[in-house]
1. Please go through region B:76-127 and give me each residue that is open to solvent by 90 Å² or more (accessible area, probe 1.4 Å) and assigned to a helix (DSSP H, G or I), ordered by number.
2. Considering only region A:39-56, state which residues are more than 29 Å from B:Lys24 (Cβ to Cβ) and either touching a residue at least 12 places away in the same chain (Cβ under 8 Å) or surrounded by 12 or more Cβ atoms within 10 Å (Cβ to Cβ) (or both).
3. Show the residue pairs that are 6+ apart or on different chains and have beta-carbon atoms under 6 Å apart, the first residue being within region A:63-83 and farther than 17 Å from A:His43 by Cα, the second being near DNA strand C (Cβ under 7 Å from one of its atoms).
4. Find all pairs meeting these conditions: Cβ atoms under 7 angstrom apart; at least six residues apart or on different chains; first residue within region A:86-113 and within 12 Å of chain B (Cβ to nearest Cβ) and closer than 21 Å to B:Leu10 by Cα; second residue within 16 Å of DNA strand D (Cβ to nearest atom) and open to solvent by 60 Å² or more (accessible area, probe 1.4 Å).
5. So, in region A:25-45, exactly how many residues are farther than 21 Å from A:Val93 by Cα and either within 12 Å of DNA strand D (Cβ to nearest atom) or more than 10 Å from every other protein chain (Cβ to nearest Cβ) (or both)?
6. Taking the condition small (Gly, Ala, Ser), part of a helix (DSSP H, G or I), away from DNA strand D (no atom under 12 Å from the Cβ) and surrounded by 15 or more Cβ atoms within 10 Å (Cβ to Cβ), does A:Ala59 pass?
7. Of the numbered conditions (1) more than 9 Å from chain B (Cβ to nearest Cβ); (2) touching a Cys at 6+ places or on another chain (Cβ under 7 Å), A:Gln4 fails exactly one; give the number of that condition.
8. In region B:57-91, how many residues are of a type outside the set (Gly, Ala, Ser) and within 20 Å of A:Leu17 (Cβ to Cβ)?
Protein chains: 2
Amino acid sequence: MDIQNPAVDLVLQSALLWSGMIKKADLQLSVHGISFSEFCILHRLFQAPQHRLSRIELASAVGLSASGVTRLLQPLEKMLLVEKEQNARDARVSLVKLSDSGQQIYQDAHQTFGFFANQFMSPLTSRQQDTLAELLARL
Amino acid sequence: MDIQNPAVDLVLQSALLWSGMIKKADLQLSVHGISFSEFCILHRLFQAPQHRLSRIELASAVGLSASGVTRLLQPLEKMLLVEKEQNARDARVSLVKLSDSGQQIYQDAHQTFGFFANQFMSPLTSRQQDTLAELLARL
DNA sequence: ACAATATACTTGCGCAATCAAGCATTGATC
DNA sequence: GATCAATGCTTGATTGCGCAAGTATATTGT
């Protein structure tokens, strides 16, 4: 038979929870024409100095592969939400900058997402949310 | 500018954490020839009464769509880890049963996964893990 | 009894993301 | 200063999964 392992259940429970969360977030964000992944990109760019990051910094910030970032950025460039820039010091890196309209879209989407996140977390008191954040930060 | 919303950061932090966790788990489980999703399937089947579930029960248990389950099960059937059975009461449902060799594979994989899960959770005391589980259960 | 609706899948198509391979550039070593 | 490895990125092929549509069976209403 099988020995119960609480860590296993915890991990599986979490995976289920967050996959569902992402689906719900995607739905909410779709009114802005962006996906959850795209929102993550915009979020990281927005909080970066000068709203500018290299593609690999972006990749590790959002937990994607380099090629994933390349492909995610293509539609965003066409929508003119981000711009491609060169790095004078190193011709290999191509910087991504959040455009003015990108900032606008981000801020709109942030409001939607913030509302969603608050609602999602509403079963917890803000003290419990702090505890949760602290526990997750150790992993 | 932008008002900091702690719930937003908490949600994004979590999404990043769990996407990374799934990648690591996939890597560990690959020695058994199965993916994380497949392990979830086997896990749910194993703990089901008679190791038997319908496909939609399975789908909701692992957070996938019906078609996702259909496709995930195809290789598992070919590997003879699961078997297709009919429900006498309702000819629409096709039950999935964990085979004997499926149980064997599952138990091997469970050991690997249990080790991984413990390691993953090891930055937290078991008391903290309980707290985490309790907080997540409310979401 | 017979339509109309709902349920349990399966299949075709498409999108998102990965890996492996390739290209361009930079840095390190001899 | 030429070579060789490392880095940053892009592209081609593949996988995983979802959605919409289709099929088969069940249920409900009349």
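The values are calculated or read from the model by the stated rules, or taken from the named source; none is laboratory data. All values derive from a computational prediction rather than experimental measurement. We place every Cβ from the backbone using ideal geometry, glycine too, and count neighbours over all the protein chains shown. With ligands, DNA and RNA removed, areas are computed over all heavy atoms of the protein, side chains included. Shrake-Rupley method; radii C 1.70, N 1.55, O 1.52, S 1.80 Å.
1. Passing the criteria: B:Lys78, B:Asp100, B:Gln104, B:Gln111, B:Phe115, B:Gln119, B:Arg127.
2. Taking region A:39-56 and keeping what is more than 29 Å from B:Lys24 (Cβ to Cβ), we get A:49-52.
Answer for region A:39-56, where residues must be more than 29 Å from B:Lys24 (Cβ to Cβ) and either touching a residue at least 12 places away in the same chain (Cβ under 8 Å) or surrounded by 12 or more Cβ atoms within 10 Å (Cβ to Cβ) (or both): A:Gln50, A:His51, A:Arg52.
3. Taking only residues 6 or more apart or on different chains, not a single pair turns up.
4. A:Thr112/A:Gln28; A:Thr112/A:Val31; A:Phe113/A:Gln28
5. Going through region A:25-45 one residue at a time, the tally reaches 10.
6. The answer is no for A:Ala59.
7. (2)
8. Here the count works out to 6.
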